[in-house]
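Colleague: Dropping a structure here in structure tokens format, bear with me for questions.
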Amino acid sequence: MDRRERHLRLLTDTIEAVNSTLDLEEVLTQVATKVADALHADACFVYLYDDRSGELVLRATHGTRVEEMTQRPRMRPGEGITGSAAEERAPVMIAAEANLDPRFKNFPNLPEDEYESILAVPILARGERLEGALNIRTRKPRDFSEDEIDLLLAIAAQVAQSIEHAKLYEEAQRRVHELEALARISEAVSESLYLEESLEAIVKTTMDALSATGAALVLEDGAIAWPEGHADAHAIRQPLRWRGRQIGELVADRPVPFTEADRELLGSIAQQAAVALEHGRAVMRGVLAQEIHHRVKNNLQTVASLLRLQARDTGGIDPRKALDDSVNRILAIAAVHEVLTEQRDEDVDLAQLLGRLRAMLVQDVGAAGHEVAAELEAVTLAGNRATALALVFSELLGNALEHGGAHVRLVLRRAGDEVVLEIGDDGPGIPAEPHRGTGLSIVRALVRDELGGSLELHGDVAGTRAEVRFPA
């Protein structure tokens, strides 16, 4: 009667433990302890079946401990006494000298050979699907009764139910985790108009969702768009596909292998990454098109204004020279566009721009005999202001080459919060009241209105020097 009460209490306690938590490790540890205590066994081992590897893996013990637990004991169904119970879907009982049985499997870090008897039963879900196996052991020989075998089978059935619930819970948690990761990526992609911000959010979310030590987006040209963290022992690469073509890869790495569920999640993230990449590129193309349209429209209006000024000049002008001057002004504007396109920036490197204009004007004016010395500091200027300065530079240098001496000197420098442009020559100098022609009128208007600066002309027997100052 006392034994029946203990068995009933064990079964009740097992059911209570199974239903008390969804933490599988906690359930298995409780089961191992209660089974060993109620059946007066010296040890209890609980193995779970890993579908991916096809192995039984030791997950909980009582009465002994696994030395150097870094390598969990594992075996295939059919290996060892417990593996035989799993493969045969039936109990296996050995009353004495279990370690001498031909089916016995020894593990270096598991002291099983100190036990005499063993009773092993399979853990079956719904009576047929293998979920694991458990065994109890004693140091003295023992012949387990039919009641004890039936009790252990009943407990194994309860454990199987707990495993099923835990797997369902784990799958639900995984799906929630996956949906949260995808929601964060979607939010980042939809809120940001900047491609770099979207890529950064995708990589960081990938690392968080997969517990990765490193991740990166690799574009189709092999360029790494956004690396984060560091590489480790295992890496997976997921293609980014857009409309049937591969536009890059999403790479993640960590110390332990990735599961099939991890690969599925990475595939979902990669789909979002492909959308983000193309979305960001489309936005950039649209912004670029608008910016180009805006610049072209403004520059065409500038050209039209310059031509109107030229047309209103009532003095005696040479039509050929007027046309050449207009061409040079248009080419100066085109040079700014060219530098902006090459640098892919909103600011223009003035040293590079003025160097190109100098070479163009020297060739155009036919001033091959002129010596043009230049000292150009590294100065940048916004694109719209650079256009104004290019026109000013072209007018002043053109005048120096055409009317000055054989030596021309160009200086571009910073002076505190100002930029200074000087163009001088060793020609006959300018009169006290220089002729206010179209070119000089254009220069004064651009310096005053577009650059917010000043123009000074200095002339003496040593030549002419034009000095333009404007806020940096």
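Colleague: Keeping the other protein chains in place, figure out the carbon and sulfur percent of the accessible area of the stretch 133-173, with a 1.4 Å probe.
Modeller: Looking at the stretch 133-173 in its full context, I get 52 percent from C and S.
Colleague: Moving on. State the extension gain, in nm to one decimal, for the chain segment bounded by residue 26 and residue 221, taking 0.36 nm per residue of separation less the distance between their alpha-carbons.
Modeller: So the extension gain works out to 65.2 nm.
Colleague: Just add up the charged neighbours of residue 229: K/R +1, D/E -1, any other residue whose Cβ is under 13 Å from the Cβ of residue 229.
Modeller: Counting the neighbours of residue 229, the net charge comes to -3.
Colleague: Let me ask you something else. For the stretch 201-278, which whole percent of the accessible surface, found with a 1.4 angstrom probe, sits on carbon and sulfur atoms?
Modeller: The computed percentage sits at 50.
Colleague: OK, next. If DNA, RNA and ligands are ignored and the probe is 1.4 Å, what is the ranking of 115, 49 by accessible area, most exposed first?
Modeller: Output order, biggest surface exposure first: 49, 115.
Colleague: Taking a probe of 1.4 Å, how large is the accessible area per residue of the stretch 70-150, in Å²?
Modeller: I get 49 Å² per residue for the stretch 70-150.
Colleague: A further question follows. Modelling each spin label as a point 7 Å along the Cα-to-Cβ direction, I'd like the residue 51/residue 88 distance in nm, to one decimal.
Modeller: Here the answer is 2.8 nm between the modelled labels.
Colleague: Give me the one-decimal nm value for the distance between modelled label points at residue 101 and residue 456, 7 Å along each residue's Cα-to-Cβ direction.
Modeller: For the pair residue 101/residue 456, the computed spacing is 10.6 nm.
Colleague: Could you order the peptides 444-454, 199-209 from most to least packed, using the average number of other C-beta atoms within 10 Å per residue?
Modeller: Highest mean packing first, the order is 199-209, 444-454.
Colleague: Continuing with this model, one more query. Which percent of the accessible heavy-atom area of the stretch 73-131 goes to carbon and sulfur, probe 1.4 angstrom?
Modeller: Heavy-atom surface of the stretch 73-131 belonging to carbon and sulfur, 1.4 Å probe: 43 percent.
Colleague: Return the distance in nm (one decimal) between the two label points of a simple spin-label model at residue 382 and residue 72, each offset 7 Å from Cα along Cα→Cβ.
Modeller: Rounded to a tenth, the inter-label distance reads 6.3 nm.
Colleague: So who's got an amide H within less than 5 Å of the one on residue 76, skipping anything under 5 residues away but keeping other chains? H placed 1.01 Å off N, in plane.
Modeller: Counting only residues 5 or more places away or on other chains, the set is 56.
Colleague: Another question about this same structure. Going by the alpha-carbon gyration tensor, a ≥ b ≥ c the square roots of its eigenvalues, is the stretch 71-151 rounded (a/c under 1.5) or, if a/c is not under 1.5, prolate (a/b greater than b/c) versus oblate?
Modeller: Cα axes put the stretch 71-151 in the oblate bin.
The values are calculated or read from the model by the stated rules, or taken from the named source; none is laboratory data. Quick caveat, the model's predicted, so the values are computed rather than measured. Don't worry about glycine lacking a Cβ; one is built from the backbone with ideal geometry, like all the others, and counts go over all protein chains shown. Heavy atoms of the whole protein, side chains included, go into the accessibility calculation; ligands, DNA and RNA do not. Shrake-Rupley method; radii C 1.70, N 1.55, O 1.52, S 1.80 Å.
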